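Taking it in order: structure first as structure tokens, then the write-up.
Bear in mind that the values in this text are calculations on the coordinates, not laboratory data. In this text, all values refer to a predicted model and were calculated from it rather than measured experimentally. Methodologically, a virtual Cβ is constructed for each residue, glycine included, from the backbone with ideal geometry; neighbour enumeration extends over all protein chains shown.
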Amino acid sequence: MIGRLINDVLIPKKVGSYYLINQRILGFDIGKTSIHVTQLLLHGKKVTLEKFIDQPLELDAATPYAERVVKTVATILTKVDRYDAIRTSISSANAIFKELTLPFNDPEKISMVINYEIEPFLPFPINQTIIDFIITQKNPAQNSSVILAAAIKKEHIAEHISYFEQAGVSPETVTVDLFDLYGLYKCIPKYKDALGNYALIDIGFNTTRIAFIVDGKLTLVRTLAKGMLQWAKYVAQKTNTNSNDALEKIIRFGFNHNNDQPFNDSIKESFSSFLNEIKFTLDSFTAQTKTENKINEILLLGQGSDIAHVPEFFTQQLGIPSTLFDVNELLKTDFITLKNGNRIPQSSILSLSTALVTPTVENFNIRKQEFSITDSGLFYRQLFTALSLIVLTFASILFYNYWQLATLKTALKKYENSIVTTLTQRGLTTAKSLNDALKKSEEKVKKEETIWFAFSGQTRFSFLKYLQELTAAIDREATGLDLKKLTITEEPRNIILDGEVRDYDALKILEKELKRSNLFVTLPSLQAPKFTITLPLKNTGDAQ
């Protein structure tokens, strides 16, 4: 769920050619007898080839082809890992191709005029067609581009997409197989900068695809409605066997079965007839491109290229050097790695080229107009993300306030404990909590205030006068008075003396001096040199 929210909602999947978020892609190559799928993972600037799946279609002739394709797609989806996108290619047999030179380099400007430029060449109405293009050459000096456009009838696109939708999924991108193959060709170092004329020939069970590349530029394409099954039927007729047995022998033994000369002769006859059509197509390509150069090399791929000695037979019959398309050269680059095994199967080249988002075809997609995907899911993810961000913002504010309040409470508790400790150290309280400590401290302060209130106003003057009179009345040298404590109380008004004199004679002198002071209502008799006596004070007016 988090990953889906991030994709194209909070941050883009990629910036330029760098994938910020890992993307697992499935590339489908749907044939007449089997479906090939390549599963790859895009991460950063790297590509990891994870799985190659070859799933044969059911052989039940009573079941319609479309139904068998849907079942096979559903089966394949149980064998792959969690994926982010599906890419699939339509056979070039369903497309009309046209090379044009336009006075634009901007793909958006080309898109605006492409329908008008192609319409005169179409054998059917433009409103029944989807058109897209790839740029095969740019001429910055002339501000022009050479493009190869593909026009496909909408009914073919609808049928192709229905295979997936009936299986419960929907491909994001629909391409054309030979465009994908050309994009793969341009990614392989040994081919991408090669000058001269090259032919890519993909030999399948029912069709053979041919791409003509001149100086690295895809110029012409053609699809022949012949392949290995047609060879097998011819061999079966000549050798009185069934097509399946003939096809198995072709795959196992190629053109030279040691114990079956009729088989060898029939397969060579069938293949020679097939090569005559190949030669006619290549000669036609050479004439159309008005190039006097011969074809430098034929690159073979597909299921037919796995048959023993096929390249040698091509070379011998056509007089053109023929080799297998070396897709494993990709593994020598620094951006592609293979997860399992050490080689890419020849039969998976087309599905790999479809899954691999190459610069040549990254913007090519015939799934547009009425076939465009309306990503309502993205809208709801964006809405959910916006609401989530609002909730998260308020939750963050609440959490921050709670954290601030908790911090203040902690600090307050710390200060309360500090105050209680200070009051305890000063002897003002023995309470453990601040409230109790303040209460007891206030009581003690009030008590002290009551005592010291005696020193305010006239009362303060009277008590000071008492102290002055006592100081004047008592001869401390004669008595040797050592006054340890003097306490004055408000109610009743008393002076409490706590001290001692030198001896009994000094005690008598002290007693006489206290009587002579005329400060006290009565004067108790002093019995010992060490004493504590309470002396009731006269009113202020009486003392004066």
How high is the relative contact order of the chain? Use alpha-carbon pairs under 8 Å, at least six apart in sequence, and give a whole percent. 13 percent
What angle do you read, to the nearest 10 degrees and between 0 and 90, between the alpha-carbon axis of helix 243-253 and the longest principal axis of the chain? 80 degrees
Could you grab the relative contact order for the range 456-543? Cα pairs under 8 Å, six or more apart, rounded to a whole percent. 29 percent
Neighbourhood net charge (13 Å Cβ-Cβ; Lys/Arg +1, Asp/Glu -1) for residue 29: -1
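So how do 51-59, 219-227, 169-177, 522-530 stack up, highest first, on mean other-Cβ count within 10 Å? Please list the in-between numbers first.
Numbers: 51-59: 15.3, 219-227: 19.3, 169-177: 21.0, 522-530: 12.0.
Per-residue mean Cβ counts within 10 Å order the peptides as 169-177, 219-227, 51-59, 522-530.
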Mind ranking 195-206, 402-413, 38-49 by how tightly packed they are, going by the mean number of other C-beta atoms within 10 angstrom, highest first? 195-206, 38-49, 402-413
To the nearest 10 degrees, how steeply does helix 376-425 sit against the main Cα axis of the chain, on a 0 to 90 scale? 20 degrees
Classify the range 236-353 from the C-alpha gyration tensor, please: rounded if a/c falls under 1.5, else prolate or oblate depending on whether a/b exceeds b/c. oblate
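Can you give the FRET efficiency to the nearest 0.05 for residue 117 and residue 368, using r as the Cβ-Cβ distance and R₀ = 22 Å? Intermediate results must be reported in sequence, preceding the final value.
Numbers: r = 17 Å, r/R0 = 0.79.
That pair, residue 117 with residue 368, gives E of 0.80.
What ranking, highest mean first, results for peptides 384-396, 301-313, 131-143 when packing means the other Cβ atoms within 10 Å averaged over each residue?
Going by the mean number of other Cβ atoms within 10 Å, highest first, we get 301-313, 131-143, 384-396.
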Please compute the modelled spin-label separation between residue 523 and residue 195, points set 7 Å along Cα→Cβ, answer in nm with one decimal. 14.0 nm
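Taking 0.36 nm per residue of sequence separation and subtracting the Cα-Cα distance, how much length would be gained by fully extending the chain between residue 407 and residue 261, in nm to one decimal? Don't skip to the end; give the middle numbers.
Details: separation 146, 0.36 × 146 = 52.56 nm, distance 9.51 nm.
That pair, residue 407 and residue 261, stretches by 43.0 nm at full extension.
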Give the residue from 506, 371, 468 lying farthest towards the positive end of the charge dipole for the chain; charges sit on Cβ (+1 for Lys and Arg, -1 for Asp and Glu) and the dipole is referred to the Cα centre. 506
Using label points projected 7 Å from each Cα along Cα→Cβ, tell me how many nm separate residue 251 and residue 77, to one decimal. 2.7 nm
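Rounding to the nearest 20 debye, state how big the charge dipole of the chain is about its Cα centre with +1 on each Lys and Arg Cβ and -1 on each Asp and Glu Cβ.
1740 debye
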Between residue 414 and residue 446, Cβ-based FRET efficiency (R0 30 Å, step 0.05) works out to 0.60
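For residue 22 and residue 439, FRET efficiency with R0 = 60 Å and r from the beta-carbon atoms, rounded to 0.05?
On the way: r = 67 Å, r/R0 = 1.12.
That gives a FRET efficiency of 0.35.
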Note the listed values (i) 17, 46, 31, 5, 0; (ii) 19, 47, 28, 6, 0; (iii) 16, 33, 12, 6, 7, 10, 11, 4, 0, then indicate which one is P(r) over Cα pairs in 20 Å bins from 0, in percent calculated from this particular structure. (iii)
Which angle between 0 and 90 degrees, to the nearest 10, do you get for helix 65-77 versus the longest principal axis of the chain when only C-alpha atoms count? 40 degrees
Checked against the positive end of the charge dipole of the chain (+1 on Cβ of Lys and Arg, -1 on Cβ of Asp and Glu, about the Cα centre), the farthest of 31, 42, 111 is 42
Count charges around residue 148 for me, please; just the other residues with Cβ under 11 Å from its Cβ, Lys/Arg as +1, Asp/Glu as -1. 0
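Counting Lys and Arg as +1 and Asp and Glu as -1, each charge on the Cβ, what is the dipole of the range 326-378 about the Cα centre in debye, to the nearest 20?
Working: 5 positive and 6 negative charges, 30 e Å.
The dipole of the range 326-378 has a size of about 140 debye.
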Antiparallel content of DSSP bridges confined to the chain, in %, to 5: 75 percent
